[in-house]
Every structure is written in structure tokens, then in C-alpha cells.
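Below is one structure, written out as C-alpha cells, with a few remarks after it.
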Amino acid sequence: MEVQASFERRQTRRIYVGNVAVGGGSAITVQSMTTTRTADVEGTLQQIYDLTAAGADIVRCTCNELEAAEGLAQIVPRSPVPIVADIHHQYRMALAALDAGVHCLRLNPGNIRKPAHIRAVASECKDRQVPIRIGVNGGSLHPDLYRKYGDKVTPEALVESAQMELNYFAEVDFSDVKISVKASSVPLMIEAYRQLADLTEHPLHLGVTEAGPPPAGLIKSTVGIGTLLAEGIGDTIRYSLTADPVQEAKAGRQLLEAMGLRERKNVDLVACPSCGRAEIDVYEVAEQAMEAFGDKEIPLQVAVMGCVVNGPGEARGADIGIAAGNKRGHLFVKGRNVAVVEEQDMVSALVEWAELIHEQGFEAALAKADIVAAEREAERDRVRLLADQGSDVNMAQQKIALIRNRG
Ligand code: SF4
């Protein structure tokens, strides 16, 4: 007999990272981080789509140099999930990431230490209504706190570091915050999060830092994160593995599903955010698709993409998807174009193919497709759109100019 556990969750405030709710009773979200150079726009976007297909709800990218901020200006408008910019030592990179339009910042209090800089970033975030994660890390604890606690990283030191940062934020009346107190020691991070949970209502981001490669890294992360979740602590999670980040996203998702905290029985619909290249009203088509799939028990990931220029490639991790181009819908399965339909038939074709895959499997569905013809048509529409729209449809160059002026 299967016993369904239920964990009473700690009450926290709700914040929004882009359109994704964190805390306040919302679904626990999975995060991961790209390993590409953020300046490599296409490579980073590809990884973001792969992570999304693997179950990530929010993705973090490093913003460690001006070129990274400029990359973010081009990545954010095309990312299917909200983007968090990871800021290291330079507070100016935080300001540049905000210019680029990121949905959240991650600040490490051990690395950006000048109160005036911290207040400047918090104040700018407040004006732009962008939340911050205070990301305390045992490996880079503020040296004053390290000394204060006897040259040791202790749970109290991690918690005090978070509180100090919160106090700086309070000086500029900023509280749109989530917090992490990660350590590579599982007992240490568990205790730090327990203490923090008693002291604050801010949502908590759980993780075991530098957990290492699988299987040990998976075990450490699962024990640390799982123990806290079972106590009702935690609003968003990240596995930090020395491995392909797709493994992190998958592991996070599987942990939540195993604990009965997330489920995927039906279609998991992902849609691109729609940018200057969109050929259709992505929101409307995504909504129509949601309605058409309704309660159908088809546990596939389905993508609705605004353009054939980037859609099939970006969403190649999805099981099936549709991308608009030149008044036609291009259907793709695992990134391979399989059919071209009229724009008004996009949703019905999507449902039909999803049912076919669910009933007969991927191979049978692909065997029915004329892939060569579908790819030729997709390429034709792609070339045509690029010629019509030009290369800078998202006006990323304007944002890049702003970032360069500030730098
Ligand atoms: S319209 Fe195209 S380029 Fe823009 S976000 Fe959607 S798929 Fe990506």
C-alpha cells in the first residue's frame, strides 16, 4: 500500500522571480545554473532550454564580466524561464545585470562587502521591483564573521551573515528577498536553515554547496534538501553537482516528485516568452493548447514557440512542440521537424501528434513523418523571416549601449 506523506509547509512570504512565485504556499520550484560563458548567447540559451525541459523552473547565469551582462540583454527576452544573475565581487555587475533586464539577482554577502554598494544595489532593485537572493555560502563567509565564530563556519555565522545583509536592505526599505545559507557539510547546512527558518518569514532557497560529482553529490544534496523539505522548510531548491546541469534539474524535479511535492501526470506545457521575432500571439496559442490538452493524461513536455528561427532548436529538449513561421506551424519532435500545418491548425496538430506519441511511442511517430520535407520547409521559412526581420529584433543593442555607458 502506498502511503502518501504530507508535509506541513512553513508559512513564508511570497515573492516573484519574473512570473514564477516563490514562497507563500506556491509550488516548490527547481533551479539550476548554466555552465556556459554567459557571453555565448546561443550556447547559454540552448542550455537554458535543456534545463527547462529537464524540470528547471528558474535558471541562474553568471554575470562576472561586462560581456556577460551584454549577453544577458540578449538572453533574457528569449528565455522560457526567469533568469537570475549571479553576482560575484563587483557590485557594478549587479547594476549592469539589472540594465540587461534580469528577473532576480543573487548576491553573496561574503563577496560584496561595502555597505554603500549593497545599499545601492538594493535600492536599484527596489525601484525596478526585482528580488534578490541573499546567497550566503560557507566557503566564502565574510571574514569578520569567520573570526567572530572562532575561525570556523558555524550555523550561527551563516545565519548572522544573512541577517546583516537583510539589515542593509532594510536601510533602503527593500525586502523582496529569498535567502540561502549553503554549506558543503550536510549537518551544517541543515542546522543553519533550521535556525534561519525560526527567525525569518522570507522564502528559503535550499542547497548543499559544492556537493561534488554523482553519486556522492546526489546523495548529499538529497539528504540535505530532503530532510529540510520533510520538516516543511524550503521554497525553492538547487542541486549543485559537478556534472552536466541537466542532471541537477532532473534530480531536483525527481526529489520533489518522490516526496509528493510536485507531480507530472498531464502535459507539461512550456512556451517561449515571445520576443520581437514572434510570429504569433504566443500567450494566446499557449492558452489554447492548455485548454485543448485539458485533463488528458499525457505526461509529455509540449512546447509552444513563437518563431521557427529559434523555436525548434531552443526547445529540442521538449518531447514535442510547434513553432510559428510565415503563417504556418512547424511541428517538431525532439527538435526534428516532422510536419508543416496551417497556422490555424497548430493546436489541433499538436494535440494529435502528442496523442500519437503517447499511444505509439516516439519511433512510430517519427516513422510516419516526412522529416526531409518538413526540415526543408522550416529552413525556407527561417531564411525568409531572418531576411524580413533583420538580426536585432529585441533591440538588445540599446541595452548593451546602456551597460557600456554605465561600465
Ligand atoms: S519568438 Fe523565437 S526567438 Fe523569440 S523567444 Fe520565442 S522562440 Fe525564442
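The values are calculated or read from the model by the stated rules, or taken from the named source; none is laboratory data. Since the structure is predicted, the reported quantities are computational estimates derived from the model, not experimental observations. Using ideal geometry, Cβ is built from the backbone for each residue, glycine included, and neighbour counts are taken over all protein chains shown.
Quick grid of which residues meet (1) closer than 18 Å to R406 by Cα; (2) assigned to a helix (DSSP H, G or I); (3) within 16 Å of the ligand (Cβ to nearest atom):
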| residue | (1), (2), (3) |
| --- | --- |
| D86 | no, no, no |
| H89 | yes, no, no |
| L95 | yes, yes, no |
| D99 | yes, yes, no |
| N111 | no, no, no |
| A120 | yes, yes, no |
- prompt: Which members of region 344-379 meet the condition of being closer than 23 Å to C275 by Cβ and either surrounded by 15 or more Cβ atoms within 10 Å (Cβ to Cβ) or touching a residue at least 24 places away in the same chain (Cβ under 8 Å) (or both)?
  reply: M346, V347, L350, E377, A378
message: surrounded by fewer than 20 Cβ atoms within 10 Å (Cβ to Cβ) and not assigned by TED's automatic domain parsing to the domain that holds M33: is that true of E287 in this structure?
response: yes
- prompt: Picking from A197, A249, A243, which residue would you name as being out of contact with any Ser or Thr (no Cβ under 6 Å at 6 or more places or on another chain), part of a helix (DSSP H, G or I) and more than 30 Å from R328 (Cβ to Cβ)?
  reply: A197
field: Enumeration of residues in region 313-330 that are buried (at least 24 other Cβ atoms within 10 Å of the Cβ) and more than 9 Å from the ligand (Cβ to nearest atom)
entry: A318, I320, G321, I322, G325, G329, H330
message: Looking at N19 and the list (1) surrounded by fewer than 22 Cβ atoms within 10 Å (Cβ to Cβ); (2) more than 26 Å from M395 (Cβ to Cβ); (3) not hydrophobic (A, V, I, L, M, F, W, C), which single condition is not satisfied?
response: (2)
- prompt: What number of residues in region 183-206 are surrounded by 22 or more Cβ atoms within 10 Å (Cβ to Cβ) and over 19 Å from P131 (Cα atoms)?
  reply: 4
message: Residues that are touching a helix residue (DSSP H, G or I) at 6+ places or on another chain (Cβ under 7 Å), in the same structural domain as L105 (by TED's automatic domain parsing) and among the β-branched types (V, I, T), at least 2 per element: which strands (runs of 3 or more DSSP E) completely within region 13-68 meet that?
response: 58-62
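For every residue, the table says whether it meets (1) more than 9 Å from the ligand (Cβ to nearest atom); (2) polar (S, T, N, Q); (3) closer than 18 Å to D345 by Cβ; (4) touching a strand residue (DSSP E or B) at 6+ places or on another chain (Cβ under 6 Å).
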| residue | (1), (2), (3), (4) |
| --- | --- |
| G276 | no, no, no, no |
| E279 | no, no, yes, yes |
| A292 | yes, no, yes, no |
| M305 | no, no, yes, yes |
| V308 | no, no, yes, yes |
field: Enumeration of residues in region 227-258 that are more than 15 Å from D57 (Cβ to Cβ) and surrounded by 17 or more Cβ atoms within 10 Å (Cβ to Cβ)
entry: T227, L228, L229, I233, S240, L241, A243, Q247
- prompt: Which one of I233, I190, I134 is in a strand (DSSP E or B) and touching a helix residue (DSSP H, G or I) at 6+ places or on another chain (Cβ under 7 Å)?
  reply: I134
